[in-house]
Amino acid sequence: MAQERPYLYVRGVSKHYDTAPDPRLGSGGLRVLDNISFTAKQGEFVTIVGPNGCGKSTFFRMLSDLEDMDYGKILIGGKTIEEAKIGYVFQNYRESLYPWRTCLGNLMVPLELDGVPRRERKKKVDEFLWRLDMSVREDAYPYELSGGQQQMLGILRALIYEPDILLLDEPFSSLDFQTTLYMHDKIMEVWEKTGVTTLFISHNIHEAVYLADKVVVFSKRPARVVEVIETKLPRPRDYKVTESDQFFEVRNRVMELFRDEIMDSFLFMELSGF
Ligand SMILES: Nc1ncnc2c1ncn2[C@@H]1O[C@H](COP(=O)(O)OP(=O)(O)OP(=O)(O)O)[C@@H](O)[C@H]1O
Ligand SMILES: [Mg+2]
């Protein structure tokens, strides 16, 4: 049987940074990504978890061609990263929205960059929001919105560009618990309606399992892929799934791998009297 070609193909992505020589280590290079390889099907929701500073955001910068990799290959729907349209929502959303533009003005940015004529932009935004059953306070400025609303605006702005892939870097990590729960269901709703292939970096293992079709666990730096776990949880999904045996099983496995990776830092904290 012919093997299905993966939509997202990541093979051997490696990266180091040149840094000032460290007198203890003697070398001037920081290895960040070590041979990262995994695949995703079109329309899949993939979460990435890994220890602090292991190289997750660096990996997104490689994927979106903001920085060069040392070696490796990435294909998205058969396109190279230079050819593919990437929707990237940065880790710090407060810095990614334009504060001098209204919500409508922010949503129009990708259309402007895509060369959509001025008079068609508003119609496109309206159609897009209607399709997703979403509304925004068009004339409000980002500072007038709650954190959750700002983050959703950033996500919508990335989606209106109709990206081949959506990259979300810890999008909910600075929101309160209640808003985060709401945003989990909202992002799944938006994802289901657009069908966009999504990569989502998370620090929160519960979140990573709840949202994912597939969880990719990164090791400590230099990051390798330790394991890829298919959650096999049903869709559409709501919080009830988090009470199922299947959810516990996957969450425990991810937790176990994560703990193994951060054991050294636990040990360090114990030895240094934390
Ligand atoms: N331009 C750079 N030059 C040198 N080192 C860098 C550069 N960018 C990132 N690093 C280092 O690379 C490592 C990985 O950083 P990165 O931001 O990718 O980690 P992360 O997994 O996203 O971390 P976090 O969990 O805190 O978001 C860190 O040690 C960081 O200090
Ligand atoms: Mg990061």
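Every number here is computed from the coordinates shown, using simple stated rules; none is lab data. This one's a predicted model, so the numbers in the text were calculated from it and none came from an experiment. We place every Cβ from the backbone using ideal geometry, glycine too, and count neighbours over all the protein chains shown.
For the pair the stretch 117-152 / the stretch 227-256, the C-alpha centres are spaced 33 Å from each other. Using the Cβ-Cβ distance between D260 and E83 with R0 = 41 Å, the FRET efficiency computed as 1/(1 + (r/R0)^6) comes to roughly 0.60. Between Q91 and E230, the contour length at 0.36 nm per residue exceeds the alpha carbon distance by 47.6 nm. What shape does the stretch 61-212 take by its C-alpha gyration tensor, where a ≥ b ≥ c are the square roots of the eigenvalues and a/c under 1.5 counts as rounded, a/b above b/c as prolate, and the rest as oblate? Oblate. Cα centroids of the stretch 153-206 and the stretch 28-100: 15 Å apart.
Volume of the convex hull of the chain (Cα atoms only), normalised per residue: 173 Å³.
Here the extension length gained between V241 and E162 equals 25.5 nm, from 0.36 nm per residue of separation less the Cα-Cα distance.
Between E144 and H203, the contour length at 0.36 nm per residue exceeds the alpha carbon distance by 18.5 nm. So if I take the alpha carbon set of the stretch 62-136, get Rg, then get Rh from the Kirkwood formula, what is the Rg over Rh ratio? My calculation puts Rg/Rh at 1.04.
Label separation (L181 vs S57): 2.9 nm, computed from points 7 Å beyond Cα along the C-beta direction.
Using DSSP H assignments, which helices in the chain have an axial alpha-carbon span of 30 Å or above and a mean Kyte-Doolittle hydropathy of -1.0 or higher? Membrane-span-like by this rule: 245-271.
Anisotropy class assigned to the stretch 1-147 is oblate, per the alpha carbon gyration tensor with a/c at or over the 1.5 cut-off and a/b no larger than b/c. For the stretch 162-211, the normalised intensity computed at q = 0.25 Å⁻¹ comes to -1.04 (log10 of I(q)/I(0), Debye sum over alpha carbons, equal scatterers, no solvent).
For the stretch 133-152, the residues whose backbone nitrogen is under 19 Å from a point 7 Å from the Cα of L104, taken along Cα to Cβ, are 133-145, 150.
In order along the stretch 208-214, phi translates into HN-Hα couplings of 4, 7, 4, 7, 8, 7, 8 Hz, rounded to whole numbers, per the Karplus curve 6.51 cos²θ - 1.76 cosθ + 1.60 with θ = phi - 60° and x for Gly and Pro.
Estimated from helical segments only, the mean residue ellipticity of the chain at 222 nm is -12000 deg cm²/dmol, where each DSSP H run of four or more residues counts as -39500 (n - 2.57). Using a cutoff of 8 angstrom between alpha carbon atoms and counting only pairs six or more residues apart, the relative contact order for the chain works out to 25 percent.
For the residue pairs K56/K240; K56/K79; K79/K186, the C-alpha atoms sit more than 24 angstrom apart in K56/K240; K79/K186. Both numbers refer to the Cα atoms of the stretch 89-174; Rg and Dmax are 12.2, 37 Å. Neighbour counts of other Cβ atoms within 10 Å put Y71, Y88, Y7 in the fewest-to-most order Y71, Y7, Y88. Each residue in I86, I74 was given a count of other beta-carbon atoms within 10 angstrom of its own, and listing them fewest first yields I86, I74.
For the stretch 1-122, the relative contact order is 25 percent, taking Cα pairs closer than 8 Å that sit 6 or more residues apart in sequence and dividing their mean separation by the residue count.
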